[in-house]
1. Suppose every K and R has +1 on its Cβ and every D and E has -1 on its Cβ; what is the size of the dipole of segment 1-70 about the Cα centre, in Debye to the nearest 20?
2. Only counting other Cβ atoms within 10 Å, I'd like Glu57, Glu110, Glu44 sorted with the fewest neighbours first.
3. Mean separation of Cα pairs under 8 Å and 6+ residues apart, divided by the residue count of segment 84-216: what relative contact order is that in percent?
4. With +1 on the Cβ of every Lys and Arg and -1 on the Cβ of every Asp and Glu, and nothing else charged, how large is the dipole of segment 77-183 about its Cα centre, in debye rounded to the nearest 20?
5. Taking the Cβ of Thr203 as the center, what net charge do the other residues with Cβ under 10 Å away carry, scoring Lys and Arg +1 and Asp and Glu -1?
6. Under 11 Å from the Cβ of Ile77, count the other residues' Cβ atoms, weight Lys and Arg +1, Asp and Glu -1, and hand me the total.
7. Compare the Cα positions of Leu59, Gly156, Val166 along the charge dipole of the chain (+1 at Cβ of Lys, Arg; -1 at Cβ of Asp, Glu; about the Cα centre) and return the one farthest towards the positive end.
8. Positive end of the charge dipole of segment 22-167 (Lys, Arg +1 and Asp, Glu -1 on Cβ, about the Cα centre): tell me which of Tyr144, Ser68, Ile28 has its Cα farthest that way.
Amino acid sequence: MHNTVKNLIYIKDLIKSKVNVDRIPEIIAVSKTFPIESVLPLIEHGHTHYGENKVQEALDKWSEVKNSNNEIKLHLIGKLQTNKVKFAINIFDYIHSVDNKKLAKKIADEEVKQGKKIKIFLQVNIGKEDQKSGMDKNELINFYNYCNELNLNVVGLMCIPPVNEVPNNHFKEMSLLNKKLNLPELSMGMSSDYLIAAENHSTYLRIGSGIFGKRN
């Protein structure tokens, strides 16, 4: 059995044994910077959810695989520039980083053009960090309503908590915000904090190095 598959099974078993929630979260295997050869054992194992940070890398790496396997679900977890939206809609099934009106409008227009509906997460800058993407939580309800007017399929919220703080309080707050909007999905938790995220009702965990090992 390949190491990546072992790592995935270990993480799934750990969540099941440690976390008491009604719904076990989906694991997005974040394969950014790793070649498709590193991902193939997971695909052969039957894993379906994968994450990429960059649109061009996803197109180069996944176009062929997605054409031959319609079970694969691809998640864009990095920042999306408006000039890349049409390519993103083409390859991705989920976008986790929608945080401004210009981007939302561009996605809505492009969905009409391509006749495709993407599942959208709204990114919240929960730690109020200047260097991070995401909207202020106080702008969330207005922005969510705007996305609804555009007929976007907003399924949940997403966050990346501050690296130097305990994530639990941030995850708790995100879970409450998600409940307030009555959204079914919640994207939070990475290799270092996925158990805490799962305890706080995250439904998608974005795990890279925990599965693929350290990046170069």
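Throughout, read-outs are computed from the coordinates displayed, never taken from laboratory work. Treat the numbers as computed from the prediction; the structure is a model and nothing was measured. Here the Cβ is made from the backbone with ideal geometry for all residues, glycine too, and neighbour counts use every protein chain on show.
1. Details: 9 positive and 9 negative charges, 57 e Å.
I would put it at about 280 debye.
2. Working: Glu57 15, Glu110 18, Glu44 10.
By the 10 Å Cβ count, ascending: Glu44, Glu57, Glu110.
3. Details: 218 pairs, mean separation 25.2, N = 133.
Computed over segment 84-216, the figure is 19 percent.
4. Working: 17 positive and 12 negative charges, 60 e Å.
The dipole magnitude comes to about 280 debye.
5. Values: positive: Arg23; negative: Glu26, Glu185.
So the environment of Thr203 carries a net charge of -1.
6. Numbers: positive: Lys32, Lys54, Lys79, Arg206; negative: Glu52.
Net local charge, Ile77 excluded: +3.
7. Going by the charge dipole, the pick is Leu59.
8. Highest projection toward the positive end goes to Tyr144.
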